[in-house]
Amino acid sequence: RKEVEQDPGPFNVPEGATVAFNCTYSNSASQSFFWYRQDCRKEPKLLMSVYSSGNEDGRFTAQLNRASQYISLLIRDSKLSDSATYLCVVGPTAGGYNKLIFGAGTRLAVHP
Amino acid sequence: EAGVTQFPSHSVIEKGQTVTLRCDPISGHDNLYWYRRVMGKEIKFLLHFVKESKQDESGMPNNRFLAERTGGTYSTLKVQPAELEDSGVYFCASSQEEYTEAFFGQGTRLTVV
């Protein structure tokens, strides 16, 4: 079983749509959680950290359910520029904050 | 401010040859990480330097891989001898503190033929 599992997609949505990505992680002792964005042939970039209380950054909302070991990302009012691969990332159980465990990514394509 | 830079951006080598990848972290960042993504797989952690010391090299796949960070500035990752399964994208990242955001370089795409 993979440590971080994501639906690979692709998700093809029209501009203005709302889209949700889900992710599960296997280690219940994991302590930090993130969503990264990766454009084609570019480096991963931190989109947002994910907290148990849920957090929002503009059109993006992230949620964490520790009991179910489940992380989600909601994108509202999709823009063409949101087209990218979204990586669910989990931090280690102890130490090494940036010893990150990546999911394989979910591809999003937003079309006019 | 310059970001994390990696060189070369692409490298094509024959099986059995040696390749050295270089990473220049963001100035002032003591923490430097190597990751790689092989074909069809997730990005995976290789190792972590704090200044010139290897803090964690648990992700290094085998002894054909050697990472160094002399002087605690730039880092090199040498693959010797390269095998076909080493093909992939090698990313370097750096962070100022161990518990702050790591910024990634654009990666080196390695193809072993």
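Structural remarks
- Distance from the stretch B:21-61 to the stretch A:38-112 (C-alpha centre basis), Å: 21
- When the alpha carbon gyration tensor of chain A is reduced to an equivalent ellipsoid, its three semi-axes come out at 23, 14, 12 angstrom, largest first.
- Of A:Asp57, A:Asp82, A:Asp39, the one that fluctuates the most in a GNM where chain A has Cα springs shorter than 10 Å: A:Asp57
- Rule-of-thumb Rg ratio for chain B [Cα; 2.2 N^0.38 Å; N residues]: 0.99
- Separation of the B:Ser58 and A:Asp77 label points, Cα + 7 Å toward Cβ, nm: 4.3
- Taking other C-beta atoms within 10 angstrom as a stand-in for reagent exposure, A:Ser83, B:Ser95, A:Ser26, B:Ser27 fall in the order B:Ser27, A:Ser26, A:Ser83, B:Ser95, fewest first.
- Computed over the protein assembly as shown, the ratio Rg/Rh where both radii use C-alpha atoms and Rh is Kirkwood: 0.98
- Each of B:Val50, A:Val50 was scored by other Cβ atoms within 10 Å of its Cβ. Listed from fewest to most, they are B:Val50, A:Val50.
- Summing charges over neighbours of A:Glu3, with a neighbour being any other residue whose Cβ is under 14 Å away from its Cβ, gives +3 when K and R count +1 and D and E count -1.
- Label-to-label distance, B:Thr20 versus A:Asn65, with points set 7 angstrom from Cα along the beta-carbon direction: 5.2 nm.
- Checking the cross-link pairs A:Lys99/B:Lys41; A:Lys42/A:Lys99; A:Lys2/B:Lys15; A:Lys42/A:Lys79; B:Lys15/B:Lys54 against a 23 Å limit on the alpha carbon distance flags A:Lys2/B:Lys15; B:Lys15/B:Lys54 as lying beyond it.
Bear in mind these aren't lab numbers, they're just calculated from the coordinates by the rules spelled out. Quantities reported herein were computed from a predicted structural model and do not represent experimental measurements. Quick reminder, even Gly has a Cβ in these numbers, built from the backbone with ideal geometry, and neighbours come from all protein chains shown.
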